[in-house]
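Asker: Dropping the structure in here first, questions after.
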2 protein chains.
Amino acid sequence: MPRYKLTIAYDGTDFHGWQKQSTPDREPPRTVQQEVEAVIRDVMREPIFLQGASRTDAGVHALGQVAAFTSERTLAPRRLRLAVNSRLPGDVQVRGAQYIRRDFEPISDAVGKHYRYTIAHGLADGAVPAPLFDRNQVMHMASCLDVNAMQHAAKHIIGRRDFASFTRTNHGKDSTVRTVTDCTVTASNPHRLRIDVHGGGFLYNMVRIIAGTLTEVGRGKITPADVPAILKACDRSAAGPTLPPQGLCLMRIRY
Amino acid sequence: MPRYKLTIAYDGTDFHGWQKQSTPDREPPRTVQQEVEAVIRDVMREPIFLQGASRTDAGVHALGQVAAFTSERTLAPRRLRLAVNSRLPGDVQVRGAQYIRRDFEPISDAVGKHYRYTIAHGLADGAVPAPLFDRNQVMHMASCLDVNAMQHAAKHIIGRRDFASFTRTNHGKDSTVRTVTDCTVTASNPHRLRIDVHGGGFLYNMVRIIAGTLTEVGRGKITPADVPAILKACDRSAAGPTLPPQGLCLMRIRY
């Protein structure tokens with residue numbers, strides 16, 4: 001029984017996230033897992049279970065989601081990819097397919113993830129037009145952000161730390177210690193920036209709260225030197241807001 | 001009574017084109033003119049008529065549509081723009097506003113227009129991913145196009161010519177003679193190209209049929225040297241297909 005590893009990209013705008021949801025009394029919401037799984041079942045002509053590496057939330061995008069399934073059938077990965085893509089709607093696509101070892105587990109075998117949060121800022125006075133065609137792929141912010149201050153603050157995020165301040169209060173995880181291997185803030189132009197966070201694993205909403213805290217620095221509400229105390233507090237209320245999902249994209253998962 | 005000139009940008013995906021439509025028996029379809037007009041009425045607190053320069057079709061985008069209206073009220077153009085933008089939905093925005101002379105007519109005063117048609121090509125083998133986030137802003141084509149041949153063919157389009165082959169048969173216009181001042185084909189990358197057409201005025205579907213004819217050249221169905229005969233035929237069936245609306249964007253109107 002061959003096992004297949006897929007790299008999946010999607011525009012999360014019209015999806016209720018990755019994870020399939022069972023709703024006994026009504027039509028289940030549209031999710032990436034359910035759509036891709038249904039198409040693969042159709043192509044392979046047998047029920048399969050598609051295990052994803054990351055449960056992205058509603059509205060969150062992915063260029064490098066990873067998922068795996070095992071099938072009775074053998075189908076060359078390139079043909080599988082073409083067959084699945086020809087049946088998928090325009091907002092989700094399989095970008096890579098390969099055979100993988102039988103015991104491959106997308107979640108537990110992942111050694112690193114890269115998320116990107118994109119912000120259009122300084123839109124208040126209307127001199128710079130708000131995002132139009134990519135309005136669902138960036139967060140819009142009226143204030144003008146101080147990128148330099150954000151870059152300094154980002155350095156404090158890097159390391160093996162207790163990120164309890166950077167997840168929702170009832171996170172349901174035993175440990176809130178995680179390792180962020182890199183965190184950078186890059187200005188694509190004077191009104192557009194991206195926050196790239198690389199790490200071994202992430203808590204629920206962690207990247208969106210990191211982005212929210214860095215934007216508090218960018219707006220001058222707090223200083224880069226405040227970030228260590230926010231981490232030390234281990235208290236969600238110490239950190240900045242959870243930024244909205246549409247600015248977030250799962251870029252890549254390393255194995 | 002001041003008159004205002006607006007530059008309007010929109011993502012045409014969810015609009016039934018620019019032009020307001022009256023449908024006595026049912027809800028009128030969503031159009032750009034109707035949405036912007038309703039917001040301006042709200043801001044100016046009086047009925048206004050918004051005259052647009054170009055009746056873009058359903059699905060066609062604009063970065064530089066121009067429209068004008070006259071109002072009893074005087075409102076600084078910058079304040080007008082901010083007030084209107086704060087009320088408009090995310091897929092349409094006023095990018096510029098200014099006072100204009102009382103007799104300004106957006107249609108008849110236009111001296112030139114620039115349209116761009118964008119194509120993602122060579123997608124057949126799946127090696128290059130299909131457009132995802134901008135899938136509604138480009139035309140997708142399985143074949144790989146010969147950009148060089150298209151560039152040669154584009155040169156034959158330039159000039160003052162009878163474009164009867166490049167509009168629908170019942171075009172309802174007295175004359176089909178128009179002037180194309182420039183027509184270029186540019187490869188942004190090996191799988192993405194744009195066709196830029198500049199001219200004094202355009203017939204219905206003219207840019208989409210020019211793009212369709214150039215892609216026939218790109219696919220090797222016809223040669224650049226066939227274009228003069230297509231023009232000379234003055235027969236719609238001589239030219240290539242009308243490409244779909246989503247690849248088309250009204251970039252700029254000159255006055």
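The values are calculated or read from the model by the stated rules, or taken from the named source; none is laboratory data. Bear in mind the structure is a predicted one, so any value in this text is a computation, not a measurement. All Cβ positions, glycine included, derive from the backbone under ideal geometry; neighbour counts span all protein chains shown. Each accessible area value is taken on the protein alone, full model and side chains, heavy atoms only, with ligands, DNA and RNA left out. Shrake-Rupley method; radii C 1.70, N 1.55, O 1.52, S 1.80 Å.
Asker: With label points built 7 Å along Cα→Cβ from the Cα atoms of B:Met1 and A:Ala142, find their separation and express it in nm.
Answerer: With each label point 7 Å from Cα toward Cβ, the separation is 3.5 nm.
Asker: Of B:Ala9, B:Gly122, B:Ala58, which is farthest towards the positive pole of the protein assembly as shown's charge dipole, taken about the Cα centre with +1 and -1 on the beta-carbons of Lys, Arg and Asp, Glu respectively?
Answerer: B:Gly122
Asker: Determine the sum of side-chain charges near B:Ala130: Lys and Arg each +1, Asp and Glu each -1, restricted to other residues whose C-beta is under 14 angstrom from that of B:Ala130.
Answerer: +1
Asker: Ordering B:Cys234, A:Cys183 by accessible area with a probe of 1.4 Å, largest first, what comes out?
Answerer: Largest accessible area first, the residues go B:Cys234, A:Cys183.
Asker: Here is a further query. Straight distance only, please: which lysines reach the Cα of B:Lys221 with their own Cα at less than 19 Å, same-chain residues fewer than 8 apart left out?
Answerer: B:Lys155, B:Lys232
Asker: What accessible area per residue, rounded to a whole number of Å², is obtained for the range B:168-215 using a probe radius of 1.4 Å?
Answerer: So the range B:168-215 comes to 43 Å² accessible per residue, rounded to a whole number.
Asker: Rolling a 1.4 Å sphere over the protein heavy atoms, what is the accessible area per residue of the range A:1-121, to the nearest Å²?
Answerer: With the other protein chains kept in place, the range A:1-121 gives 45 Å² per residue.
Asker: Local charge sum around A:Ala68 (other residues, Cβ-Cβ under 11 Å, Lys/Arg +1, Asp/Glu -1)?
Answerer: Local charge sum for A:Ala68: +1.
Asker: Using a cut-off of 13 Å between beta-carbons, work out the net charge of the residues near A:Ala211 (Lys and Arg +1, Asp and Glu -1, A:Ala211 not included).
Answerer: It works out to a net charge of +2.
Asker: Assigning unit charges at the beta carbon (Lys, Arg +1; Asp, Glu -1) and nothing else, what dipole magnitude in debye, to the nearest 20, does the range A:1-86 show about its Cα centre?
Answerer: 440
Asker: Looking at B:Gly90, B:Gln33, A:Pro228, which one has the Cα that reaches farthest to the positive end of the dipole of the protein assembly as shown (charges on Cβ: Lys, Arg +1; Asp, Glu -1)?
Answerer: Sorting the options by dipole projection puts first A:Pro228.
Asker: For A:90-97, what's the mean count of beta carbons from other chains sitting within 10 Å of each residue's beta carbon?
Answerer: Mean number of neighbouring Cβ atoms from other chains: 3.
Asker: How long is the gain from A:Arg168 to A:Cys234 if the chain were fully straight, where each residue apart is worth 0.36 nm and the alpha carbon distance is subtracted?
Answerer: 22.7 nm
Asker: In nm, to one decimal, how far is the B:Gln51 label point from the A:Val177 one, both placed 7 Å along Cα→Cβ?
Answerer: 7.3
Asker: In the range A:75-139, what percent of the accessible surface is made up of carbon and sulfur (1.4 Å probe, ligands and nucleic acids excluded)?
Answerer: Of the solvent-accessible surface of the range A:75-139, carbon and sulfur hold 49 percent.
Asker: Hey, what did the range A:1-123 get for relative contact order, percent, Cα under 8 Å, at least 6 apart?
Answerer: Computed over the range A:1-123, the figure is 38 percent.
Asker: In percent, what relative contact order does chain B have, based on Cα pairs under 8 Å that are 6 or more apart in sequence?
Answerer: 23
Asker: Let me ask something else. Could you give the size of the charge dipole of the range A:189-242 about its Cα centre, using +1 on the Cβ of each K and R and -1 on the Cβ of each D and E, expressed in debye and rounded to the nearest 20?
Answerer: The dipole magnitude comes to about 140 debye.
Asker: Shifting gears a bit: Could you give the nm distance between label points at B:Ala187 and B:Arg79, where each point is 7 Å from its Cα heading toward the beta carbon?
Answerer: Going from the B:Ala187 label point to the B:Arg79 one covers 5.3 nm.
Asker: Separate question: Using a probe radius of 1.4 Å on protein heavy atoms only, what is the accessible area buried between chains B and A, both sides summed, to the nearest 100 Å²?
Answerer: Answer for the B-A pair: about 1800 Å² buried.
Asker: Considering every residue in A:123-134, what mean count of other chain Cβ atoms within 10 Å of its Cβ is obtained?
Answerer: For this peptide, the per-residue mean of nearby foreign Cβ atoms is 5.
Asker: Taking a cut-off of 14 Å, what percent of all Cα-Cα pairs in the range B:109-149 are separated by more than that?
Answerer: Cα-Cα pairs in the range B:109-149 separated by more than 14 Å: 57 percent.
Asker: Using Cα-Cα distances under 8 Å and only pairs 6 or more residues apart, what relative contact order does the range A:96-168 have, in percent?
Answerer: That works out to 24 percent.
Asker: Still on this structure, I have one more. In whole Å, what is the distance between the alpha-carbon centres of the range A:98-128 and the range B:135-197?
Answerer: 38
Asker: Classify the protein assembly as shown as rounded, prolate or oblate, taking a ≥ b ≥ c as the square roots of the eigenvalues of its Cα gyration tensor: rounded when a/c is under 1.5, otherwise prolate if a/b is larger than b/c and oblate if not.
Answerer: Taking the square roots of the gyration eigenvalues as a ≥ b ≥ c, the protein assembly as shown is oblate.
Asker: For chain B, with only Lys/Arg (+1) and Asp/Glu (-1) charged at the beta-carbon, what is the dipole magnitude about the Cα centre, in debye rounded to 20?
Answerer: Using only the charged Cβ atoms, the result is roughly 660 debye.
Asker: Let's test the formula: R0 of 35 Å, r as the Cβ-Cβ distance of B:Arg102 and B:Ala38. What FRET efficiency results, to the nearest 0.05?
Answerer: 0.90
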